[in-house]
Amino acid sequence: MAENEVEQSPIEKAGFEEEIAEEFNAPQFGAYVRTGFPKPARRYRLVYESQQASIEHVYFWVYNHTRQDWSFGDIIKTVDTFSASENSSFWGMTEQRKGIQQDKASQYLATIGRMVKELFQIVREIRILKERLRLYKEAAEGKQASDIALKGYWTDFVEGGAKGGANVYTMARELGFGTLPDLFFGIYVRDDADVGKVVEEKAKEFNTKVREVLKRKLALYMAWKKETERELKVRERFTLRYLRQHWAIIRMYSSWVRPYLRNVQKLTAPGKYDKNPELISSFEGALMEVEFLARKAPKGPGKSAQTVLATFSYRTIPQMQFSADGNRGAAHVGRVEFSIRAYGWSDKDVEAYVKYREQETMQLLELIDSSVKDAMEALGKDLLDFLKESGENIVEEKKDDDGKKPKKEKGPSMNMLEPFMALSGGFKDLILMPFGGEMFSFKESDSAPKWRGDEGIAKDAAKQAFNIFKLYKKAHGMPAW
């Protein structure tokens, strides 16, 4: 990296040109800093403080006015974070509620982990069953190698191996039976009814006693082979059904744990508040940040539309209040900074911004769930095939020749990693990580895309943003022009 270059900020990595705006009322150089937001057509900012009245109404007034009066029908909440000082009653209430959610989440996650571990054993058992049944199938087709392998199983496990008194190898040590193992493994019998006929035909040069023992051994082997094949098929069918049931239970627990993990994440304060000088441990205080993106309907697919981004930064003193039913809740009084920015964004631009806001929200789940996903991927195609065979409607993700994923088919089909990807997806509506605000000398990359949107539509959105800003001030008795 060149000396005059530094690493791009997160918003620039997302493909946006970063806004540089006046954040401090200071007449010297440095009042203009990078805000961590995309560069808007216009930005309007209001700071409101009240130590008597609740200030939650600021957010809801702007939200309702934007949606109802200015027809911004498509609204997405992109940020919803908070933190409270450790000695405040609001923090204690929050931690108590978070602890309850953590306990439930840990119970479900422990159960999921145990069941995933058992999943390996079930898949391994099915593999062994299929290997054995393949030998039965090939032996029935006339493949002598598979028949010899099954005879080896029979002599080792049924007759007791070399230690068995009536084992073919033990009898071979006796006088007159030295050729018995060669005859037993070398003669192939397709059906148990043909044992006598085949022995008389292929061992006719041997004495009667050898032929009698050989018939007895082959008859016992054929009976064992027939019964064990039927037993293994029943066991395979039962194990496949059990695998499907086991998989369904994992999916069920995964869906149950999702809301608890969401609640834990939402009740956890982001790290950006740890060193904030406005949050003092011994004071009764809280910091909150809320942001929503509102957009009008575009005139056609892929077209840009008027878009406003409303951001609310609260510094409040929570006042605990008791309701008639005895529940506690906090009313917030203090200071709020409200900013509204105007853009002319298309669907692609909105998607890029939402993705930027979501880029670091998955860390908690990845720590919890990475081992689970690794386990599922390790089982790989075997698990997929076994679930399909058991009747589960599974769709395997494949890539086209150009490396892109094809479009998903509609219907009740399920991806192999769906339970755990659903967990990951559940965090997309959780709290979003902070944006950069450091003062650096960034050099813009020529290769980075710039999601500027449509300038004409952005100017129209700026008029709407100004009206929202102006009417809020008028409605609350503030100077407006």
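A quick yes/no check of all residues on (1) closer than 30 Å to F120 by Cα; (2) modelled with pLDDT of 80 or more:
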{"site": "R244", "(1), (2)": "yes, yes"}
{"site": "N263", "(1), (2)": "no, no"}
{"site": "K266", "(1), (2)": "no, no"}
{"site": "D274", "(1), (2)": "no, no"}
{"site": "K299", "(1), (2)": "no, yes"}
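For segment 96-112, how many residues meet the condition of being crowded, with 16+ Cβ neighbours inside 10 Å and either closer than 21 Å to A248 by Cβ or out of contact with any Pro (no Cβ under 9 Å at 6 or more places or on another chain) (or both)?
7
Any chance segment 76-93 includes a residue that's more than 23 Å from the chain's Cα centre (by Cα), more than 30 Å from S313 (Cα to Cα) and exposed (fewer than 14 other Cβ atoms within 10 Å of the Cβ)?
Scanning segment 76-93 turns up no residue that is more than 23 Å from the chain's Cα centre (by Cα), more than 30 Å from S313 (Cα to Cα) and exposed (fewer than 14 other Cβ atoms within 10 Å of the Cβ).
I'd like the residue in segment 189-240 that is in a helix (DSSP H, G or I) and small (G, A, S) and, out of all such residues, is farthest from E131 (Cα to Cα).
Within segment 189-240, the match that is farthest from E131 (Cα to Cα) is G196.
Here is a check on your reading of the model: is A223 over 17 Å from E138 (Cβ atoms), of a type in the set (A, V, I, L, M, F, W, C) and either modelled with pLDDT under 85 or surrounded by 13 or more Cβ atoms within 10 Å (Cβ to Cβ) (or both)?
When the stated conditions are applied, A223 does not pass them.
Is there a residue being at pLDDT below 90 and exposed (fewer than 12 other Cβ atoms within 10 Å of the Cβ) anywhere in segment 7-19? Show your work before the answer.
As a first pass, look at segment 7-19 and keep what is at pLDDT below 90: 7-19.
Cutting the leftovers down to exposed (fewer than 12 other Cβ atoms within 10 Å of the Cβ) gives us 7.
Scanning segment 7-19, I find at least one residue that is at pLDDT below 90 and exposed (fewer than 12 other Cβ atoms within 10 Å of the Cβ), so the answer is yes.
The values are calculated or read from the model by the stated rules, or taken from the named source; none is laboratory data. Because the structure is a prediction, the values reported are computed rather than measured. Here Cβ is always computed from backbone atoms with ideal geometry, including for glycine, and neighbour counts include all displayed protein chains.
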